[in-house]
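The values are calculated or read from the model by the stated rules, or taken from the named source; none is laboratory data. In this text, all values refer to a predicted model and were calculated from it rather than measured experimentally. For neighbour counting, all protein chains shown are included, and Cβ atoms are generated from backbone atoms with ideal geometry for every residue, glycine included.
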Amino acid sequence: MIKINLLPHREEKRKQKRQDFYTLLALAVVMAVVVIILVAAYNATEILVQNQRNSLIKAQNDRLDEEIKEINTLKEEIESLKARQQAVEDLQGDRNQPVYLLSELVTQTPEGIYLRSIRQDGQRVELKGYAQSNERVSEFLKNLSTNSEWLNKPDLIVINSTGIGTGKTAKKVFDFSINVGIKRPRDQEAAAAANGAAGKPAAPGAPVTATMPASGAAAPAPAPASTPASAQVGKP
């Protein structure tokens, strides 16, 4: 006897396959969501760790910036202390500058030169006086430039022909003004060290006052009270 299955088995198989497909699809979606969550959690952890590292680096950089500021402040304080120390040393050394200046002027001033005023402004000295001739002024400049241990770089500012005295005692002289530099003791020491020899300051000497050879010459005008240094030096 032939048996015929009248049940819709094909429909049942299709339905079962459809359910399996939806089940696999849902499982795939769940797995994808889980993977995404895991990846997001891993990335968030890495980002958090990197942010912590960045925060640590930023904190260290800020600390280094503060240390650099402190170092710069210390450097400025050190430079300020050095400047003060140098100023004190310069003041100590500059106390003898008038002695060295007058001693050098006595030594280097040739005959026929009369200095009526000396004015110091910093490390430059202005010399004003009378000379018998232009040659005397040239000799004076040469002595200041080459023979002096404490004076250097003389510049002739002005020289004019003028007369002093009246009547029969009138004499024609040359009124000149010279600007010359004066060295500090530490400059002398540096120059001596560079040359490999110890520098020796000029022997101090007392100021000397003299007049021109002509009799009845006009008395020199006193230096202004505001001048840092003033003296009168001359040779017959």
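From the list D90, D65, the lone residue that is under 33 Å from the mean Cα position of the chain (by Cα), over 30 Å from S161 (Cβ atoms) and touching a residue at least 40 places away in the same chain (Cβ under 8 Å) is D90. Checking the stated criteria, S145 turns out to be without any contact (Cβ under 8 Å) to a residue 24 or more places away in the chain, touching a Lys or Arg at 6+ places or on another chain (Cβ under 9 Å) and in a helix (DSSP H, G or I).
Listed conditions (1) surrounded by 10 or more Cβ atoms within 10 Å (Cβ to Cβ); (2) over 60 Å from the mean Cα position of the chain (by Cα) are all met by V49, apart from (2).
Listed conditions (1) within 26 Å of R186 (Cβ to Cβ); (2) in the same structural domain as R186 (by TED's automatic domain parsing) are all met by Q132, apart from (1). Scanning the stretch 108-138 for residues that are in contact with a helix residue (DSSP H, G or I) (Cβ under 8 Å, 6 or more places away or on another chain), more than 15 Å from I178 (Cα to Cα) and crowded, with 16+ Cβ neighbours inside 10 Å gives a single hit, G112.
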